[in-house]
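Scroll down for the structure; my scribbles are underneath it.
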Amino acid sequence: MSYSTENTLLYVNDLSVAYGDKTVIKDINFVEKDVIREGSITGQVIAFVGRSGRGKSTLFKAMTGLIKPTTGKILIADTATESENDAKEVREGDIGFVDQKYTLFRNKTVYQALLFALRKKEMSKEEKHDIIMSYLADWGLEKAKDQYPCELSGGQRQRTAVIEQILCSGHYMVLDEPFSGLDVGNIEDVKNAFNLITSTHEFNTIIYSTHDIELAVELADSIYVIGYPTIDGKLGDYGTIVKHVDMKELDLAWKDFGLDHIEVVKQIKATMLNS
Ligand SMILES: Nc1ncnc2c1ncn2[C@@H]1O[C@H](COP(=O)(O)OP(=O)(O)OP(=O)(O)O)[C@@H](O)[C@H]1O
Ligand SMILES: [Mg+2]
């Protein structure tokens, strides 16, 4: 499928992060641009995969401004100015983040949490109510509406956290393992939410991590493998990008999962095993 790219939406240069004096990720460099396809609004879907402990969550926390990198720069498009190619350094709050633990407000019910997520939107109370109720219905959370986080199942908590970010995010959204622990129906809900988000605005960009390589290859148009690099025949002890698969270039993006996708899955798994 033909496409072109325009404005840079995400620019990560020479990023490294340490906890104390232990460097966890290093030499992270990548650029993601706005993908343009004629006749459709095409948001960006970017997946990060890699074995446990290689630094995916750490990278996400740095990208969303939750932790300060040791070195490097993270720039996102400054869409507030509406002029092209304006970039700004990411700050906490610029990018919506659903963390792996699906942290919710302990003292807010599902409904109250979603209402809070809409606090900055200029809408009437009734409009907000209608939006929240339609999400709750679509995502099977109607019955959980007035429950507190401690009264929710893991999947319910996760879906609430995802909706919360959909409601309050700007163009960027980072989801750390949004598919883990979901049943088949819930996985479809999250997939549909991805579609909805990316078909709403050109700049909308979803960045997610997953241990399900098939779900990375099926949904993403750009996939990064985070792993330990091999240096002089030895495995390093910090995470970095060990492989980038551009599904657009391979002509596999925005297509149904088929045999060619399975081949990519195999290659990614092989890379992961050696990193
Ligand atoms: N707050 C912290 N303090 C110290 N070390 C940490 C902290 N958080 C993570 N680490 C370490 O950093 C490394 C990367 O962790 P991270 O959570 O980023 O990995 P991950 O790729 O997200 O793993 P998983 O797939 O299991 O979620 C691990 O070795 C981990 O032990
Ligand atoms: Mg993680």
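Applying a threshold of 8 Å to beta carbon distances and a minimum spacing of six or more residues, or different chains, the list of pairs starting in the stretch 182-211 at a residue that is within 14 Å of Ile46 (Cα to Cα) and ending at one that is among the basic types (Lys, Arg) and within 16 Å of ligand 2 (Cβ to nearest atom) reads Ser209/Lys56.
Restricting the stretch 21-66 to residues that are within 16 Å of ligand 1 (Cβ to nearest atom) and among the hydroxyl-bearing types (Ser, Thr, Tyr) leaves a set whose member that is surrounded by the fewest Cβ atoms within 10 Å (Cβ to Cβ) is Ser52. Of the strands (runs of 3 or more DSSP E) contained entirely in the stretch 82-182, those carrying at least 3 residues that are within 16 Å of ligand 2 (Cβ to nearest atom) and closer than 22 Å to Thr205 by Cα fall at 172-176. Listed by first and then second residue, the pairs linking a residue in the stretch 215-233 that is charged (D, E, K, R) to a residue that is outside any helix (DSSP H, G or I), with Cβ atoms under 6 Å apart and 6 or more places separating them unless they lie on different chains, are Glu218/Phe257; Asp221/Val45; Asp221/Met247; Asp221/Lys248; Asp221/Ala253.
Got a number for residues in the stretch 60-72 being more than 9 Å from ligand 2 (Cβ to nearest atom), of a type outside the set (Gly, Ala, Ser) and not in a loop (DSSP other than H, G, I, E, B)?
Of the residues in the stretch 60-72, the ones more than 9 Å from ligand 2 (Cβ to nearest atom) are 61-72.
Then keep just the ones that are of a type outside the set (Gly, Ala, Ser); that gives 61, 63-64, 66-71.
The next check asks that each one be not in a loop (DSSP other than H, G, I, E, B); those that pass are 61, 63, 71.
Total satisfying the criteria: 3.
Evaluated against (1) away from ligand 2 (no atom under 16 Å from the Cβ); (2) buried (at least 21 other Cβ atoms within 10 Å of the Cβ), Val17 falls short on exactly one condition, (1).
Since every read-out is calculated from the coordinates, none of them should be taken as a lab result. In this text the structure is predicted, and so the values were computed from the model without any measurement. Counting neighbours? That spans all protein chains shown, and the Cβs are built from the backbone with ideal geometry, glycine included.
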